[in-house]
1. Looking only at the range C:106-135, count every residue that is within 12 Å of the chain's Cα centre (by Cα) and not in a helix (DSSP H, G or I) and tell me the total.
2. Within the range C:125-137, which residues are away from ligand 1 (no atom under 16 Å from the Cβ) and either without any contact (Cβ under 8 Å) to a residue 24 or more places away in the chain or within 21 Å of residue C:48 (Cβ to Cβ) (or both)?
3. Identify the residue in the range B:556-571 that is at pLDDT below 80 and in contact with a helix residue (DSSP H, G or I) (Cβ under 9 Å, 6 or more places away or on another chain) and, among all such residues, is nearest to residue B:534 (Cα to Cα).
4. Just wondering, is there one or more residues in the range C:61-71 that are out of contact with any strand residue (DSSP E or B) (no Cβ under 7 Å at 6 or more places or on another chain), more than 27 Å from residue B:654 (Cβ to Cβ) and assigned by TED's automatic domain parsing to the domain that holds residue C:38?
5. Can you tell me which residue in the range A:107-131 is surrounded by the most Cβ atoms within 10 Å (Cβ to Cβ), limited to those that are more than 13 Å from ligand 1 (Cβ to nearest atom) and in a helix (DSSP H, G or I)?
6. What are the residue pairs meeting all of these: first residue in the range C:41-56, first residue in the same structural domain as residue C:142 (by TED's automatic domain parsing) and farther than 21 Å from residue A:1 by Cα, second residue within 6 Å of ligand 2 (Cβ to nearest atom) and assigned to a loop (DSSP other than H, G, I, E, B), Cβ atoms under 6 Å, and 6 or more apart or on different chains?
7. Of the residues that sit in the range B:197-214 and are in contact with a strand residue (DSSP E or B) (Cβ under 8 Å, 6 or more places away or on another chain), within 16 Å of ligand 2 (Cβ to nearest atom) and assigned to a loop (DSSP other than H, G, I, E, B), which one is farthest from the other protein chains (Cβ to nearest Cβ)?
Ligand SMILES: Cc1cc2nc3c(=O)[nH]c(=O)nc-3n(C[C@H](O)[C@H](O)[C@H](O)COP(=O)(O)OP(=O)(O)OC[C@H]3O[C@@H](n4cnc5c(N)ncnc54)[C@H](O)[C@@H]3O)c2cc1C
Ligand code: FES
Ligand code: FES
């Protein structure tokens, strides 16, 4: 690991200042479960780190509000996952966290840091000799034509097919979450859908946040579809693993099981959290049953591009969406 | 001291009734007090971290250590540019000590990606890690081959390459002719991929010099090999090497020989005049030690219409390194699991550019059983027979290969008892016929396993103390298999004292010589020595050959009658070896070389047996296999320690779940080495993957084999788990898995 | 060179004050500086759970925790679980009674996780325990015993 300077400011204002003063390349450290991990691999090499884990301004969860749910960016995954109201009213959000990582990691990791976790592509994490445009721009992509069983089917390009591995952002994007962001130029609001970017020609650029900006809060508009929601995750083992395919789905059903409101996003299969408007359109007004659920899944993966070993995850992804819709539909009727 | 061959005493020794003694050492383990190799922290400790090659094969043309050396706290950087003054230790299966013949850091050759090219030593761990990341190497790369079918591999016949009698192809009768004439035939190819042992304890430890004596604290299954090998490498007397390894955080074959980091570590410690600790990063362990090689099996079974086996042909290709051939014994069990009158085996090695593959729990038997037991399931389907019935009707009497009797063989009892415990009679024969309301498919499968019973030379010393305690110093290693529990029970049971009155020392070359503990021979071999030492102890104490002993009183009395015994303790030793073993075996053991006897002994052949029954569930949406229930019944002779024996079997079932469903070391032919080199990507089971596991034992002592009646367990327990699961998958889905692991994509 | 950071915290109730390189993980500080070698390193990347300790009463993986981040906090390790007289904690005793270990290398992490699992209220049903103990790998495969031990210490019977 490279040496770095460490500061732990007491307030958000101080943190913003510390960040600007330390200069580009500086990273904020929250739970560290991504950042410190990648620093140990010499993949992240920030010269300076500003610790925001305990900033009071980033704390707090409010799931009772009439208009929106708010999560301080510094709230712990475990605390959000265990929030009783969230579990009752937005099971997809709670499950996306509960099914991620392990309880130990959820006790460290923040819901803000979680959004900015980096890909688990083994060629990215493995370092040399593997070429990786994300790690070393211009070096190439080892996953293309390589061991790409876990790589992205959606949103990839010729430069990179690394999967965005997180679960929480997938659930959040289904619920139109927005972020409050603070930096030296003030405060702004950013839809989560505008945070992550596809690799394109610049896979090293993963999001639209400036280096000196801090996410302070995640906000989710209240919706009745929350109750009829689920986060369904398929993995190589029963727990403590990233998704082979996942789906965040929320529905409200009207007369005779007709879909009124519908939200679908998929995870583990795309280069960023992936909302599926075409799947939502497919379902709008339709009766939710096995066939329509399957059609929605197929619509979600209509644009999928498979590599060498990952084609099976198209079918798996379709079934995962369909299964999530089945579970969400049952919940919506309760 | 007695030097018994197999102790003529074949009568049942008065072993205690089977009682559930808790695991010895459990208290130390649950409190964190147990000291593993890297827990040793002598004053003045320095830290080492290796740098590994990123090229798949070739030569190092430049090594730039300047930036690394400039990191504050860096003390030393060892590489081939330095004269380390160490000799190779030799390949463990060719009269050497190391997992492979190649010793890195001696020249500029790179044989495989991941090979160490430098060792950085610093005052602190952060400095060592930092500096290691700054070492730059340039390579002249050469083409390499890392897969069985790649261009540039070389295939050699084992019989020709390793012309040793026990490695010759097994040929009994005219299997090809009998196969051709058989009315029912199965002909299929099965494959198991590379896998890694990944014990939770990382490879590494501490090397320090006390004067001119090297002391090594490192988790190992072969303290003797480390001692002998380091002596050879450093050119010093073996008596000047001490290896201390009271607890090993899991071995599973990974730690069964000397690994190449240790000699350079010893050199660094000597140069610096400080103890040096090295703990390999988990990623390095995927290349720093052996692994289970790929193996491909073509199995042909011929049978009559009732499924009675007439012929079996088992041809195996096993991955090898360029330098060393891991002697393959796949056909040792496939020729003997059933009473097949005509058998032909053929084992070949395919040389590739990897570190030398080696032993991983049931190294040959797990893949071999996957092949044979899957084929047998296919045969049962073809014959329309129940798979348990089919196996029972093909049971063997005498050993089909040698014609000798088995020392004991209770495979049929394992199958019958297992079927009963599992409720097998309820199984509908047709695949896909058990389905839950949500569409989940349920399948039941069975498979059998066998593992050779081998015996190694062991020296055991018992010290009966004036305070009534007994100290047992035994050449063996505690890797969690429960050897200390079995030994403590044996001593306590024999003398009629509490287990808490017995102290067991294993894994310490300062007290006794150590043979490698692997192949499940640890418990039976050490018990044999302890059994003999107990008889000797009783003689020295002047007490009868049987019955409870008041140790304190007997020691006091012995002290009065034999003043040279000094009154503080009475010591007895025994050195035992396998039946029929030549005296040189003991010399080899003392030198830290491997010297197992068996499974063919003068009057019989000896195997342990097991039957596994598995229930799997395959959900319709994501057809990932879940193992909801397993019943395993083992024939391991007398159960030396029920608590730890059951744990061994349960643990092996968990291993089987991993082997069958998720473990696979991924190879990218463009880069060589293994790609998924961490514990997130090399997928082993977690708690939530494991359902109910029920374990039972036949429990019949095998006094033909040895006077303790104990066969072996730790390896056989894994043999057959994977095919039981695979056969259950077939029963659930109608799809026949012919390669492992069986992942979701295989059933979509 | 990295500037050192004065870090104060308690370990098993004892106050500690150290000048730390911010690169040092809590695990390495416990093991290499404080001689608390009960916490184990199995991966150094949060992938195994062998290094599990409690910080402010919650279980974390100490290998991914920069030690400077425990400034002002309290750390509890396996060495702080048994009573001062050496009496085993009921969960430790349950690990012994249910033979929830083999080689013992993962065991300190399992015990720390098990304690938290019960305290969190995640030991209510067997499947809850299985799920919430899944962040601790055990290569020896002692999972059934671990399940039984946590269940017993949580005061439940099988089911
Ligand atoms: C073994 C393992 C398994 C895992 N499994 C899963 C899984 O199954 N599913 C899943 O979703 N995740 C999983 N994770 C990832 C884990 O959830 C993330 O590492 C974690 O959520 C990141 O949060 P953190 O607080 O630790 O972030 P950090 O590591 O501190 O930071 C991550 C990144 O975000 C930046 N950052 C952090 N907070 C902010 C902020 N407020 N504003 C701006 N930038 C910020 C940091 O600078 C850094 O670049 C796993 C991780 C590990 C190690
Ligand atoms: S060592 Fe910390 S999780 Fe493995
Ligand atoms: S007891 Fe050995 S790893 Fe768990």
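The values are calculated or read from the model by the stated rules, or taken from the named source; none is laboratory data. Worth saying up front: this structure is predicted, and the values here are computed from it rather than measured. Positions of Cβ are generated from backbone atoms using ideal geometry, with glycine treated the same way; all protein chains shown enter the neighbour counts.
1. Result for the range C:106-135: 3.
2. C:127, C:128, C:129, C:130
3. Per the criteria, the residue is B:565.
4. no
5. Step one: filter the range A:107-131 for residues more than 13 Å from ligand 1 (Cβ to nearest atom), giving A:121-124, A:126-131.
With the extra rule that they be in a helix (DSSP H, G or I), the set shrinks to A:122-124, A:126.
Working: A:122: 24, A:123: 26, A:124: 24, A:126: 24.
Filtering first and then ranking leaves A:123.
6. none
7. Residue satisfying both the conditions and the ranking: B:203.
Yes/no matrix, rows are residues, columns are (1) within 11 Å of another protein chain (Cβ to nearest Cβ); (2) within 16 Å of ligand 2 (Cβ to nearest atom); (3) farther than 18 Å from residue A:97 by Cα; (4) in contact (Cβ under 8 Å) with a residue 24 or more places away in the chain:
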site	(1), (2), (3), (4)
A:193	no, no, yes, yes
A:207	no, no, yes, yes
A:218	no, no, no, yes
A:224	no, no, yes, yes
A:227	no, no, no, yes
A:230	no, no, no, yes
A:234	yes, no, no, yes
A:240	yes, yes, no, yes
